[in-house]
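Trainee: Quick one: structure below, then a few questions.
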Amino acid sequence: MKTAYELAMERLNRTAPSTRLTQEQKKQLAELDSIYAARIAEREIALAGEMARSAGDPEKLGSLQEQLVAERRKLQAELEEKKEKVRRTG
C-alpha cells in the first residue's frame, strides 16, 4: 500500500516530469541567483537611504515603499524568466 506522499509524487511526475539539470545549467542558475540577489540588495540600499531622508513625509515614504516592492517583484519575475530559459535549454 502506498502512502499519500508516494501517490502525490506519482501524480506530479505524470503531469510535470522532473528534468535533470547539467552541471553547467546548475552553475548558470546559481550565477543568476547571485546577480539578482545583488541587484535587489542594491535597490533596497538605495531606496532605504531615500526612505531615511523622507522619514518626516509619510506620503513620500509610502511611495518609496511601493516602489521598492514593485522593483523587487519586477526583478524576481525577470530572474524566474531567465532561470526557466536556462532550464529549457538542456
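Trainee: Which of the residues belonging to region 54-88 are touching a helix residue (DSSP H, G or I) at 6+ places or on another chain (Cβ under 9 Å) and of a type in the set (A, V, I, L, M)?
Mentor: Result: Ala55, Leu61, Leu64, Leu68, Leu75, Leu79, Val86.
Trainee: Let me ask something additional. Show the residue pairs meeting these rules: Cβ distance below 6 Å; 6+ apart or different chains; first residue within region 67-90 and under 17 Å from Glu44 (Cα atoms); second residue basic (Lys, Arg).
Mentor: If the second residue must be basic (Lys, Arg), the pairs left are Glu71/Arg43; Leu75/Arg39.
Residues are listed down the side, and each one gets a yes or a no for (1) in contact with a Pro (Cβ under 6 Å, 6 or more places away or on another chain); (2) of a type in the set (A, V, I, L, M, F, W, C); (3) surrounded by fewer than 11 Cβ atoms within 10 Å (Cβ to Cβ):
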position: Lys27; (1), (2), (3): no, no, no
position: Leu32; (1), (2), (3): no, yes, no
position: Arg43; (1), (2), (3): no, no, no
position: Ala46; (1), (2), (3): no, yes, no
position: Glu59; (1), (2), (3): no, no, yes
position: Leu68; (1), (2), (3): no, yes, no
position: Arg73; (1), (2), (3): no, no, yes
position: Lys85; (1), (2), (3): no, no, no
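Trainee: Give me a count of the residues in region 21-56 that are touching a residue at least 12 places away in the same chain (Cβ under 8 Å) and not polar (S, T, N, Q).
Mentor: Pass one, region 21-56, residues touching a residue at least 12 places away in the same chain (Cβ under 8 Å): 21-22, 25, 28-29, 32-33, 36, 39-40, 43-44, 47, 50-51.
Filter again for not polar (S, T, N, Q), leaving 21, 29, 32-33, 36, 39-40, 43-44, 47, 50-51.
Count: 12.
Each reported figure results from applying straightforward, stated rules to the coordinates on display, with no laboratory input. Everything quoted here is computed from the prediction, not taken from an experiment. Glycine gets a Cβ as well: all are built from the backbone with ideal geometry, and neighbour counts include every protein chain shown.
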